[in-house]
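Worksheet: the structure to be examined is printed underneath.
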Amino acid sequence: MHNTTKLITNHIFCHLMLIPAFMYGAWWMFLAAFMWWQVIAIIAISGGYHRYYSHKTYKCSRWYQVLMNALGIFAGAGPALTWAAVHKQHHAYSDKELDPHSFHHKGWFAVYVNTWGYDVKIKRKFIKTLWRDDVLNWFYKYYFKLNIAIIVLFTAIDPLLMVFGYAMPVLLAFHGYGILNILGHRNGPSNSAIANVLTAGEGWHANHHAKPGSYEIGHKWWQFDPTKLYIRTFFKREKGELNAAKV
Ligand SMILES: [Zn+2]
Ligand SMILES: [Zn+2]
């Protein structure tokens, strides 16, 4: 099965889990799933796949890289290896034909629901350095097996743990980044407070395209960016504050 088909199958599965979520879940479980998603978004997707692997804006240890990749499984967005390669190409060709997920070329529905991945061709130069990283490679190789292992393990502990600990964060990631891919490029790179709600500070997308080498995406004090605050608190930044643009 094609990897994109596997991702879409998982997204359909996680949407179906809304039925047991509403039938058997309590309000605090939805709140806990949202908080859990914030942790995943800050560490793994916005802070990991994006600001670390795609742009290398700060330094971190090998074990922390393993943590980023492991938490990334709970976002259902595929392994960091391919995510970062696609994202590098997105910056190089944003809103042009070669942009892998430009809704101007592939249609907003295909981009929102991730079917754009079927025909994506990533240039070698964007994957070359990522490919040499053994942590990225390990998680790429076992990505779907790890997803299945988490689903089976969590279900065995408690089916509701699987629904709220795995399926709900996958759904929040799916819709959060789906909205970002549309609103963040509605008129070229664009800032969007709406797209910021589920993406831990990634909504200020015009800022990011202007300064892709900076770990800061919320530039103004009122542009909420929890991932920026987290990186600033715990890590040594590679490029300093709002430094020169770099892909
Ligand atoms: Zn963009
Ligand atoms: Zn980026």
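The values are calculated or read from the model by the stated rules, or taken from the named source; none is laboratory data. A quick note: this is a predicted structure, and the numbers were derived from the prediction, not measured. Virtual Cβ from ideal backbone geometry, glycine too; neighbours counted across all protein chains shown.
Here is a yes/no grid of residues against (1) in a loop (DSSP other than H, G, I, E, B); (2) within 25 Å of Ala167 (Cα to Cα):
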{"site": "Phe74", "(1), (2)": "no, yes"}
{"site": "Leu81", "(1), (2)": "no, yes"}
{"site": "His101", "(1), (2)": "yes, yes"}
{"site": "His104", "(1), (2)": "no, no"}
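Pick out the one residue from Ile122, Ile127 that is in a helix (DSSP H, G or I) and among the aliphatic types (A, V, I, L, M). After applying the criteria, what remains is Ile127.
Listed here are the residues, each with its yes/no results for (1) free of Cβ contacts under 8 Å to residues at least 60 places away in the same chain; (2) of a type in the set (D, E, K, R); (3) within 17 Å of Ser54 (Cα to Cα).
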site: Gly117; (1), (2), (3): no, no, no
site: Asn137; (1), (2), (3): yes, no, yes
site: Phe144; (1), (2), (3): no, no, no
site: Leu153; (1), (2), (3): yes, no, no
site: Ile157; (1), (2), (3): yes, no, no
site: Thr199; (1), (2), (3): no, no, yes
site: Ala206; (1), (2), (3): yes, no, yes
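When Ala44, Ala70 are screened for being more than 15 Å from ligand 1 (Cβ to nearest atom), crowded, with 23+ Cβ neighbours inside 10 Å, closer than 19 Å to Phe144 by Cα and under 14 Å from the mean Cα position of the chain (by Cα), only Ala44 passes. Taken together, the residues in the range 52-67 that are under 20 Å from Phe139 (Cβ atoms) and either touching a Cys at 6+ places or on another chain (Cβ under 7 Å) or crowded, with 22+ Cβ neighbours inside 10 Å (or both) amount to 4.
Just one of the listed residues (Thr155, Thr129) is hydroxyl-bearing (Ser, Thr, Tyr), over 17 Å from the mean Cα position of the chain (by Cα), surrounded by fewer than 19 Cβ atoms within 10 Å (Cβ to Cβ) and modelled with pLDDT under 95, and it is Thr129. Scanning the range 25-34 for residues that are part of a helix (DSSP H, G or I) and either at pLDDT below 95 or exposed (fewer than 12 other Cβ atoms within 10 Å of the Cβ) (or both) gives Trp27, Trp28, Leu31. Only one entry in Ala173, Ala167, Ala200, Ala206 is small (Gly, Ala, Ser) and assigned to a loop (DSSP other than H, G, I, E, B), namely Ala200. Quick check on Gly78: is it touching a residue at least 12 places away in the same chain (Cβ under 8 Å) and surrounded by 21 or more Cβ atoms within 10 Å (Cβ to Cβ)? Yes: the conditions hold for Gly78. Go through (1) farther than 30 Å from Lys220 by Cα; (2) touching a residue at least 40 places away in the same chain (Cβ under 8 Å); (3) among the hydrophobic types (A, V, I, L, M, F, W, C) and name the single condition Leu172 misses. Failed condition: (1).
Each row is one residue, and each column tells you yes or no for (1) crowded, with 19+ Cβ neighbours inside 10 Å; (2) free of Cβ contacts under 8 Å to residues at least 24 places away in the same chain; (3) touching a Cys at 6+ places or on another chain (Cβ under 6 Å).
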| site | (1), (2), (3) |
| --- | --- |
| Cys14 | yes, no, no |
| Ile19 | no, yes, no |
| His50 | yes, no, no |
| His91 | no, no, no |
| Gly107 | no, yes, no |
| Val111 | yes, no, no |
